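Please treat every number below as a calculation from the coordinates, not as lab data. A quick note: this is a predicted structure, and the numbers were derived from the prediction, not measured. A quick note on method: Cβ atoms are made from the backbone with ideal geometry, for glycine too, and the neighbour counts reach across all protein chains shown.
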């Protein structure tokens, strides 16, 4: 298996949630701790992308956004700018039910065609791509993001369109345990209540 670094996006205003989503707790763990625990076995390192001042007490290293207030595309850019490996897994902090199995499956698709793709992006059950739980090749994606930013583009989907993206259909993932909630995204307090009910039911 090739070497991959892991990055967790912890920036963002969390306006709809009303509090830092990375610090929300399910049981004894925060969102951040849950995702880091699943990333660590399949990556050479795990780094946070956000304000270093906000996470001074955390054991994981933190890198700031290069382009502040540029959303998820800016977070992916900061991750790839800090990466030492050619491939990185980038995950948003508000996907509490991603798993090691999911990351290993996504890495397996890169192994199949590592020289002919630039990003590996899973799709949700509704068919939408999930660019903040994906693998990116630094060599090709970083300069493309810089080009998009200079053009005023803010959306990760523009990046996926402009590089060689391997979309992983949900049917290629749904045999994995917990797949139905891999992409449960916590944007609002109501979303968090749904996540807590699922967590408590397991």
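Between 126, 65, 20, which gets the highest mean-square fluctuation from a Gaussian network model of the chain, Cα cutoff 10 Å? In the Gaussian network model the winner is 126.
Where in the range 19-41 does the amide nitrogen come within less than 19 Å of the point 7 Å from the Cα of residue 187, taken along Cα to Cβ? Residues 19-24 qualify, since their backbone N sits under 19 Å from the label point.
Tell me, Kirkwood radius of the range 89-162 from alpha-carbon pair distances, in Å? Mind dumping the intermediate values first?
Numbers: mean 1/r = 0.0756 Å⁻¹.
In the range 89-162 this quantity evaluates to 13.2 Å.
In terms of its C-alpha gyration tensor, the range 1-99 comes out oblate, because a/c is 1.5 or above while a/b does not outweigh b/c. Given their separation in residues at 0.36 nm each and the Cα-Cα distance between them, residue 19 and residue 81 gain 19.6 nm when the chain is fully extended.
Provide the FRET efficiency to the nearest 0.05 for the residue 108-residue 60 pair, computing r from the beta carbons and using R0 = 30 Å. Don't jump to the answer; show the numbers that get you there.
Details: r = 25 Å, r/R0 = 0.85.
With a Förster radius of 30 Å, E is 0.75.
Here r is the Cβ-Cβ distance between residue 174 and residue 44 and R0 is 25 Å; the resulting FRET efficiency, rounded to 0.05, is 0.30. Across 59, 116, 51, mean-square fluctuation computed from a Gaussian network of the chain (C-alpha pairs under 10 Å connected) peaks at 59. Among 42, 121, 49, a tally of other beta-carbon atoms within 10 Å of each Cβ gives an order, fewest to most, of 42, 121, 49. How big is the convex hull of the Cα atoms of the range 62-186, per residue, in Å³? In the range 62-186, the Cα convex hull volume per residue is 107 Å³.
Applying 1/(1 + (r/R0)^6) with r as the Cβ-Cβ distance of residue 150 and residue 197 and R0 = 41 angstrom yields a FRET efficiency of 0.40.
Quick one: what do you get for the range 42-102 if you divide its Cα Rg by 2.2 N^0.38 Å? Can you show the working numbers first?
On the way: Rg = 11.8 Å, N = 61, 2.2 N^0.38 = 10.5 Å.
This ratio for the range 42-102 stands at 1.13.
To the nearest Å, what is the center-to-center distance of the range 83-111 and the range 141-166, using C-alpha atoms only? Distance between centres, Cα-based: 19 Å.
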